[in-house]
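Visitor: What follows is a single structure, and I will ask about it in a moment.
The values are calculated or read from the model by the stated rules, or taken from the named source; none is laboratory data. All values reported here derive from a predicted model rather than from experimental measurement. With ideal geometry, Cβ positions are generated from the backbone for all residues, glycine too; neighbour counts draw on all protein chains shown.
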Amino acid sequence: MIFKFRKKHDLTESDVTDEKVYLQRREILKKLGYIGAGSLLAGNAFNANAGPFDWFSSDDDPVFKTSPLSFKKSGPDSQILTPEERATSYNNFYEFGTGKGDPVKRAQGFKVDPWSLTVDGLVNKPQKLNLEDLYSRFDLEERIYRLRCVEAWSMVIPWVGFSLAELIKQADPLSSAKYVAFQTLYDPKQMPGQRSRFTGGGVDYPYVEGLRIDEAMQQLSLLSVGMYGKTLPAQNGAPIRLVVPWKYGFKSIKSIVKITLTDKEPPTTWNILAPNEYGFYANVNPKVDHPRWSQARERRITGGGLLAQDRIDTLPFNGYDEVAPLYAGMNLRKYY
Ligand SMILES: Nc1nc2c(c(=O)[nH]1)N[C@H]1C(S)=C(S)[C@@H](COP(=O)(O)O)O[C@H]1N2
Ligand SMILES: [Mo]
């Protein structure tokens, strides 16, 4: 698939194609693949002027293209969604810099095609998925989840994806598989944060994460390929990222290229960086403070105006009580 870029300053109001024309093109775009179509909504500052059918090319100012997804919509939800423009412009993705506004600026030229996601390790049927497999092999569904960052802010995001369990089942794990290890793309050419310890927040890349196998098989554990009805923007972890809503956000590893079933607890990036501050489990827990700040409350980034936020109580397991049995008998102060 070829990426078509255009200069941002070339755009005018009339470049935004109306929805009817757009929907007719959707079928064509589907056949072409998934990338190449711009965002329908004009909410994202970086996509605001990008029409769905941009065949201009340019060497500078690339705009990362998202395209609509077909999926089973979630039922009505009482939570106020975080506005799309906030969820796609206030990010942690250290591969593109440590500032919250860095990823949306620096990830626009990120290339996801070709992509290869490998599932290997203690499995009978190793898997290799290309970009199209990510969108077509599983029935996609929308899931509205709360995302609680360890830094004490949170969002409510409508993800689109499939249960991690579905992919693991296809790989047919051996009974010796006790953990699942995840790895982000390593590509310093594309990811400026990976070029030096200084620009990448001291992380030893690639970013790695892990779950116990029963956590990975929990139905809430989601492999997300989209948000707000479209494929993931680069800054949110395109083309595929993990979302584990009862754990702090750093567990939800972005832009995954490898999933390995293993018999040992895998190393995890933030635990390596500061083991006394970030544990392997990282379950949201208002009673266990971060050594440098309280986790009792959070700043919810909400939908009431561009800069709106509410201060609310943080809930155990981020409110996903159904996961509590996974930790029965465990001391969650020790296993933070
Ligand atoms: N590869 C990678 N994955 C990552 C991160 C990162 O820096 N690199 N940051 C994590 C953190 S701290 C959070 S809070 C979430 C943020 O996801 P979002 O930007 O989509 O809201 O991504 C997580 N996944
Ligand atoms: Mo985070």
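Visitor: Scan the range 233-250 for residues that are out of contact with any Leu (no Cβ under 7 Å at 6 or more places or on another chain) and either within 9 Å of ligand 1 (Cβ to nearest atom) or over 23 Å from VAL323 (Cα atoms) (or both) and jot them down.
Guide: Across the range 233-250, the qualifying residues are PRO233, ALA234, GLN235, ASN236, GLY237, TYR248, PHE250.
Residue-wise test of (1) in a loop (DSSP other than H, G, I, E, B); (2) within 13 Å of ligand 2 (Cβ to nearest atom); (3) buried (at least 20 other Cβ atoms within 10 Å of the Cβ); (4) of a type in the set (Gly, Ala, Ser).
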site	(1), (2), (3), (4)
GLN235	no, no, yes, no
LYS254	yes, yes, yes, no
ILE259	no, no, yes, no
LYS264	yes, no, no, no
PRO267	yes, no, no, no
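Visitor: Just one of (1) closer than 21 Å to LYS72 by Cα; (2) β-branched (Val, Ile, Thr); (3) within 16 Å of ligand 2 (Cβ to nearest atom) trips up VAL225, so point out which.
Guide: VAL225 satisfies all of (1) closer than 21 Å to LYS72 by Cα; (2) β-branched (Val, Ile, Thr); (3) within 16 Å of ligand 2 (Cβ to nearest atom) except (3).
Visitor: Within the bounds of the range 222-231, is there any residue that is within 22 Å of GLU141 (Cα to Cα), in a loop (DSSP other than H, G, I, E, B) and within 19 Å of the chain's Cα centre (by Cα)?
Guide: Checked the range 222-231: at least one residue is within 22 Å of GLU141 (Cα to Cα), in a loop (DSSP other than H, G, I, E, B) and within 19 Å of the chain's Cα centre (by Cα).
Visitor: Test VAL243 against the stated conditions and say whether it is in contact (Cβ under 8 Å) with a residue 24 or more places away in the chain, within 16 Å of ligand 2 (Cβ to nearest atom), within 30 Å of LEU129 (Cα to Cα) and touching a helix residue (DSSP H, G or I) at 6+ places or on another chain (Cβ under 7 Å).
Guide: The answer is no for VAL243.
Visitor: Something else: Could you say whether any residue in the range 188-201 is under 26 Å from PRO275 (Cα atoms) and among the charged types (D, E, K, R)?
Guide: yes
Visitor: From the list VAL208, VAL180, exactly one residue is surrounded by 18 or more Cβ atoms within 10 Å (Cβ to Cβ), within 16 Å of ligand 2 (Cβ to nearest atom) and among the hydrophobic types (A, V, I, L, M, F, W, C). Which is it? Explain how you work it out, then say what you get.
Guide: Numbers: VAL180 fails: within 16 Å of ligand 2 (Cβ to nearest atom).
Of the residues listed, the single one that is surrounded by 18 or more Cβ atoms within 10 Å (Cβ to Cβ), within 16 Å of ligand 2 (Cβ to nearest atom) and among the hydrophobic types (A, V, I, L, M, F, W, C) is VAL208.
Visitor: Would you mind listing the strands (runs of 3 or more DSSP E) fully within the range 82-163 where at least 2 residues are surrounded by fewer than 20 Cβ atoms within 10 Å (Cβ to Cβ), free of Cβ contacts under 8 Å to residues at least 60 places away in the same chain and of a type in the set (Ser, Thr, Tyr)?
Guide: Details: elements: 116-121, 127-130, 141-148, 153-163.
Once the strands (runs of 3 or more DSSP E) in the range 82-163 are filtered for at least 2 residues that are surrounded by fewer than 20 Cβ atoms within 10 Å (Cβ to Cβ), free of Cβ contacts under 8 Å to residues at least 60 places away in the same chain and of a type in the set (Ser, Thr, Tyr), nothing remains.
Visitor: Let me spell it out: the conditions are (1) in contact (Cβ under 8 Å) with a residue 60 or more places away in the chain; (2) surrounded by fewer than 17 Cβ atoms within 10 Å (Cβ to Cβ); (3) in a loop (DSSP other than H, G, I, E, B), and ARG299 meets all of them except one. Which number is the exception?
Guide: (3)
Visitor: Also: From the list ILE144, ILE157, which residue is under 19 Å from PRO233 (Cβ atoms), of a type outside the set (Phe, Trp, Tyr) and either at pLDDT below 95 or in contact with a Pro (Cβ under 9 Å, 6 or more places away or on another chain) (or both)?
Guide: Working: ILE157 fails: either at pLDDT below 95 or in contact with a Pro (Cβ under 9 Å, 6 or more places away or on another chain) (or both).
Every option except ILE144 fails the conditions.
Visitor: Checking the structure you have, find out if any residue of the range 314-326 is assigned to a loop (DSSP other than H, G, I, E, B) and in contact with a Phe, Trp or Tyr (Cβ under 8 Å, 6 or more places away or on another chain).
Guide: Yes, that holds for at least one residue.
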